[in-house]
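Trainee: Structure in structure tokens, see below.
The values are calculated or read from the model by the stated rules, or taken from the named source; none is laboratory data. None of these values were measured; they are calculated from a predicted model. Reconstructed Cβ throughout: ideal geometry from the backbone, glycine too, with neighbour counts over all protein chains shown.
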Amino acid sequence: MKYISADRLRGVLLAVLFCLLTVLPAAAQQSVSESHTRHNELIDAEGVLTWDALANLDIRVETPAPLQTLFFIEFPESLLALDGEPVRLKGFMYPLEAGEAHDSFLLSALPPACPFCLPGNSKTLVDVKGDEPIRYTLEPVLLEGRFVLIKGDESGLYYRLAEARQIE
């Protein structure tokens, strides 16, 4: 019987892991984008920044070596023009800590499906920093605030709604 050396086995496993790390994120992003687009038809309204506009983001991924992945974000001109401007955005609240009302949470294009999981990807999430706490609800909320592009943040988020308040 022929045995594989530990070094050879390690090399094969690293190659398989490398392939999975480069292929699976792209496949997952495509699946999320398809469900995200279907959901957007339900929440688009006059005067509300659409989730489709936020999804229009160019993310280039480079893998210079195994287990080293670099992400380069390019915001389109349409989003660069909104940086610092007041906007309205409608989505679902994802609180970051327990409580009935929150002044800091994530807003998502997709409704909650699991209390321990975030839906979609960074294109479908906005970091919300409110002036006053907003009562948590499972229904979509309409917010108004200052739109901020997040550049080079280690959190992996691309957008923030600062000075946010709920529109009733």
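Trainee: So E154 passes all but one of these: (1) of a type in the set (D, E, K, R); (2) over 18 Å from the mean Cα position of the chain (by Cα); (3) surrounded by fewer than 16 Cβ atoms within 10 Å (Cβ to Cβ). Which condition number does it fail?
Mentor: (2)
Trainee: Something else now. Could you tell me whether any residue of the range 68-76 is at pLDDT 90 or above and in a helix (DSSP H, G or I)?
Mentor: Checked against the condition, which is being at pLDDT 90 or above and in a helix (DSSP H, G or I), the range 68-76 yields no hits at all.
Trainee: What residue, among those in the range 53-86 that are among the hydrophobic types (A, V, I, L, M, F, W, C) and more than 22 Å from L118 (Cβ to Cβ), is surrounded by the fewest Cβ atoms within 10 Å (Cβ to Cβ)?
Mentor: Among those that are among the hydrophobic types (A, V, I, L, M, F, W, C) and more than 22 Å from L118 (Cβ to Cβ), it is A65.
Trainee: Moving on. Of everything in the range 107-132 that's in a strand (DSSP E or B) and in contact (Cβ under 8 Å) with a residue 40 or more places away in the chain, which residue is surrounded by the most Cβ atoms within 10 Å (Cβ to Cβ)?
Mentor: Ranking the candidates gives V126 first.
Trainee: If you don't mind, there's one more thing I want to ask. Against the definition (at pLDDT below 90, touching a strand residue (DSSP E or B) at 6+ places or on another chain (Cβ under 8 Å) and assigned to a strand (DSSP E or B)), how does R88 come out, yes or no?
Mentor: Judged against the criteria, R88 is not a match.
Trainee: Then there's this: For A55, all conditions in the list (1) within 14 Å of V126 (Cβ to Cβ); (2) in contact with a strand residue (DSSP E or B) (Cβ under 7 Å, 6 or more places away or on another chain) hold save one; what is the number of the exception?
Mentor: Against the list (1) within 14 Å of V126 (Cβ to Cβ); (2) in contact with a strand residue (DSSP E or B) (Cβ under 7 Å, 6 or more places away or on another chain), A55 comes up short only on (2).
Trainee: Still on this structure, I have one more. Could you grab the pairs with beta carbons closer than 6 Å, sequence gap of 6+ or different chains, first residue in the range 74-85 and free of Cβ contacts under 8 Å to residues at least 60 places away in the same chain and of a type outside the set (F, W, Y), second one assigned to a loop (DSSP other than H, G, I, E, B) and exposed (fewer than 14 other Cβ atoms within 10 Å of the Cβ)?
Mentor: Close Cβ pairs satisfying both conditions: P76/N56.
Trainee: I would also like to ask the following. Which pairs do you get when a residue that is closer than 15 Å to L110 by Cα and free of Cβ contacts under 8 Å to residues at least 60 places away in the same chain, found in the range 133-149, comes within reach of a residue that is surrounded by 14 or more Cβ atoms within 10 Å (Cβ to Cβ) and among the β-branched types (V, I, T), reach meaning Cβ atoms under 8 angstrom, with the pair 6+ apart or on two chains?
Mentor: Every condition considered, the pairs that remain are V141/I134.
Trainee: I've got another one for you. Among the residues of the range 98-112, is there at least one that is touching a helix residue (DSSP H, G or I) at 6+ places or on another chain (Cβ under 8 Å) and modelled with pLDDT under 50?
Mentor: The answer is no; no qualifying residue exists.
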